[in-house]
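Asker: Okay, here's the structure, questions in a sec.
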Amino acid sequence: DATIGFIRQAELKHGRVAMAGFVGFLVHQQGLTWPFPMTMDGQPWPKLEEVGSVPALWDAIPEGGKWQIVLTIGILEWWDEYQFEPEKNKDKPKHYMRGGKPGDYPAFVGGEGRILPLNLFDPFGFSKKMDPEKKEKRRIMEINNGRAAMMGLFGLLAESKVEGSVPLIAGKLPHYDGSVMAPFESNFHLFTN
């Protein structure tokens, strides 16, 4: 059924993003950054001690960098969703709303027109040798871990915004004055400065 496929795809996709976001929050909370400059002109990555909280690190990224992230996500979404000329793209999995498997991300390599060296999911091919029963068990684990990560990430964000909102970590995260739901909050513009 198309509706069930859509809902399961959304759950898997949001769970995967939340798992990455939860780990990213914890990494940034430790003050870790990449060892190379953030911009081509040598601007360093914002430091946690300079901005005050993990969500404020996003606010400190230049607008061009934010747009690069948003556009990259858009390209990945397009790669997952496009279904042009299926007769020419036989190696692409069926769309999840047309009988395909939710969460089955199309390959970047292995077919005509694929340009990237590794696939997004399972870049080294570890799951190819798994039997279907083990794959199904792993899928259920991924769904459950994604659900937990969604709750965990929003718990961290809630505690950053409203101290004491998550009793288990009350007072352990610095306060954030911005808005996590408005990523371009005060300076959003497309074509003007």
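Asker: Select from segment 154-178 the residues that are in a loop (DSSP other than H, G, I, E, B), of a type outside the set (Gly, Ala, Ser) and surrounded by fewer than 18 Cβ atoms within 10 Å (Cβ to Cβ) and list them in ascending order.
Answerer: Answer for segment 154-178, where residues must be in a loop (DSSP other than H, G, I, E, B), of a type outside the set (Gly, Ala, Ser) and surrounded by fewer than 18 Cβ atoms within 10 Å (Cβ to Cβ): VAL162, GLU163, LYS172, PRO174, HIS175, ASP177.
Asker: I'm trying to understand the selection: among the residues of segment 58-101, which are of a type in the set (A, V, I, L, M, F, W, C) and at pLDDT below 80?
Answerer: PHE84
Asker: Just to check your reading of the model, which residue among ALA148, ALA182 is assigned to a loop (DSSP other than H, G, I, E, B) and either in contact (Cβ under 8 Å) with a residue 40 or more places away in the chain or under 22 Å from the mean Cα position of the chain (by Cα) (or both)?
Answerer: Of ALA148, ALA182, the one residue that is assigned to a loop (DSSP other than H, G, I, E, B) and either in contact (Cβ under 8 Å) with a residue 40 or more places away in the chain or under 22 Å from the mean Cα position of the chain (by Cα) (or both) is ALA182.
Asker: In addition: So which helices (runs of 4 or more DSSP H) stay within segment 1-105 end to end and still have 1 or more residues that are of a type in the set (Lys, Arg), open to solvent by 60 Å² or more (accessible area, probe 1.4 Å) and more than 30 Å from GLY178 (Cα to Cα)?
Answerer: 2-29
Asker: Return the total of residues in segment 142-153 being under 14 Å from LEU173 (Cα atoms) and open to solvent by 40 Å² or more (accessible area, probe 1.4 Å).
Answerer: Adding up the residues that qualify gives 0.
Asker: Name the one entry in ALA18, ALA56, ALA60, ALA2 that is farther than 16 Å from GLY103 by Cα and in contact (Cβ under 8 Å) with a residue 60 or more places away in the chain.
Answerer: One residue alone meets the criteria, ALA56.
The values are calculated or read from the model by the stated rules, or taken from the named source; none is laboratory data. Note that the coordinates shown come from a computational prediction; the quantities given were computed from them, not determined experimentally. So basically every Cβ, Gly included, is an ideal-geometry build from the backbone, and we count neighbours across all protein chains shown. Please note that ligands, DNA and RNA were not included when accessible areas were found on the heavy atoms of the full protein model with its side chains. Shrake-Rupley method; radii C 1.70, N 1.55, O 1.52, S 1.80 Å.
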